[in-house]
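Accompanying notes for the structure given below.
The values are calculated or read from the model by the stated rules, or taken from the named source; none is laboratory data. Since the structure is predicted, the reported quantities are computational estimates derived from the model, not experimental observations. Cβ atoms come from the backbone with ideal geometry, glycine included; neighbour counts cover every protein chain shown.
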Amino acid sequence: MVQNLPSADSSRIRPYEKFILLSSLYTSQFLPSAFFFRALPIFMRQEGASLEVIGLLSLLTLPWMLKFLWAPLVDLYGSKRWGHYKSWILVTQGLLVLTLLVCASINAAAHPILLFGSMLVIATLAATQDIATDALALGLLAPHERGWGNGIQSAGRSIGGILGGGVMLLTLNRVGWTTSLWILAGGVLLALVPLLNYQENTLISHPTANQNRTVAQASTASILSSVNLKRYLDTLISFVRRPGAWLWLMFIVVYVTGGSMASTMFSPLLVDVGLSMADIGWMKGIVGSVAAIVGSLLAGGLIQPLGRRRARMLFGLLQAGAIALLILPAIGITHFVVLYAVSSGEIFARGLTSAALFTVMMDKSRRATAGSDYTLQSSAYMVGHHVGIPALSGFIAGLVGYTGVFVIGILLCLVSVWLTTKVLKKAY
């Protein structure tokens, strides 16, 4: 299932230019998401919004979970003139900026439903850009560069979280809603500069370009025809028809779940041991994000020399050890140094595992259907990260306590390592 075709543009663009391009794209697409998930709930509550309205913000994850449904459209249709995936990024980023400017004119307290609708549009645009960016990265990176590339992807998410969730919250407090949204829109727009200088070689980086040329120019009626519907459905489900695909998707869910459920319950544990919101913000939002960036970049440098399979095994074991250390505050060892150390260690380990997993997800994506293949795997990642057991972790903690949750997280990490060594036989 590994796709080892050479990168389409690896000889046309220098490595540092690739990494700058990917850094800007991955950071920019998480800027608005981090702002609306982390900073906005605090602002809306201060402005008098009800808890019910604030609770609806969790629905903004839906486009990220369901984006596999329209990923085939990103693979099948695109501009030959501007570049197949580049054109999607330009359009979605441009519309995202315009929607942010619309949000800037909305009174968040007076029109919460209108604001929520606009944010749902933003989440959908960001998720669609993510499809195109992942597919562009697959064509851009040679196989030996994918470790670094996915380390940068994981780090970009953390940087976007720091800027969008931390820095923008401080900005919002100082300059207000409208100016903050203008600044956010300017940051997203600025990230397009490296992309404008990049020339995507459509005929090579998107192998179906020739066969889809007439499709891309088809009328709306033709797009809705049964022929194109069949092409859409074939693209949508072709990944799961491959040998071992379901086993791999199950592995993604298991590999992510242990760390995610432990992280989910560690935050309320910090509240229970007496930390303030500001303390937790610094610990997890600032110091923790820096730890995630360091872990992601370190993984980027280690994945190639270690090999895909060995990296997943080693990083999975490190994550199990990091979760085990979370038991210390659960049993009453709550010195600040201990809390910062175990929190940063767990987030650092998740940076390692995420980069390793994203790299193999890219390996398993075919160039002709890069957006669809990677996005389906990404949806499995979202299930393991947000849905399933992590969503039930609070109920589990109510039954077995924080320590019990962490023990389950450790066991899931060890199961994922066992799957890597005993079930997933291939060497990547």
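Side notes on the structure shown:
- Here is the figure for segment 193-237: residues that are aromatic (Phe, Trp, Tyr), farther than 15 Å from residue 372 by Cα and either in a helix (DSSP H, G or I) or at pLDDT 85 or above (or both) total 0.
- Filter pass, residue 415 being surrounded by fewer than 19 Cβ atoms within 10 Å (Cβ to Cβ) and of a type outside the set (Ser, Thr, Tyr): yes
- With respect to the stated conditions, residue 369 is assigned to a helix (DSSP H, G or I), of a type outside the set (A, V, I, L, M) and more than 21 Å from residue 413 (Cβ to Cβ).
- Here residue 240 fits the description: out of contact with any helix residue (DSSP H, G or I) (no Cβ under 6 Å at 6 or more places or on another chain), under 18 Å from residue 372 (Cα atoms), among the β-branched types (Val, Ile, Thr) and at pLDDT 50 or above.
- If you go through segment 242-259 and keep only what is surrounded by 14 or more Cβ atoms within 10 Å (Cβ to Cβ) and not in a helix (DSSP H, G or I), you end up with just 244.
- Against the conditions (1) more than 30 Å from residue 166 (Cβ to Cβ); (2) modelled with pLDDT under 70, residue 55 satisfies every one except (1).
- Of all residue pairs spaced 6 or more apart or on separate chains, those with beta-carbon atoms under 9 Å, a first member in segment 333-359 that is free of Cβ contacts under 8 Å to residues at least 24 places away in the same chain and a second member that is buried (at least 24 other Cβ atoms within 10 Å of the Cβ) and of a type in the set (A, V, I, L, M, F, W, C) are 342/266; 342/322; 342/326.
- Failed criterion for residue 174 (all others in (1) among the basic types (Lys, Arg); (2) under 30 Å from residue 102 (Cβ atoms); (3) surrounded by 24 or more Cβ atoms within 10 Å (Cβ to Cβ) hold): (3)
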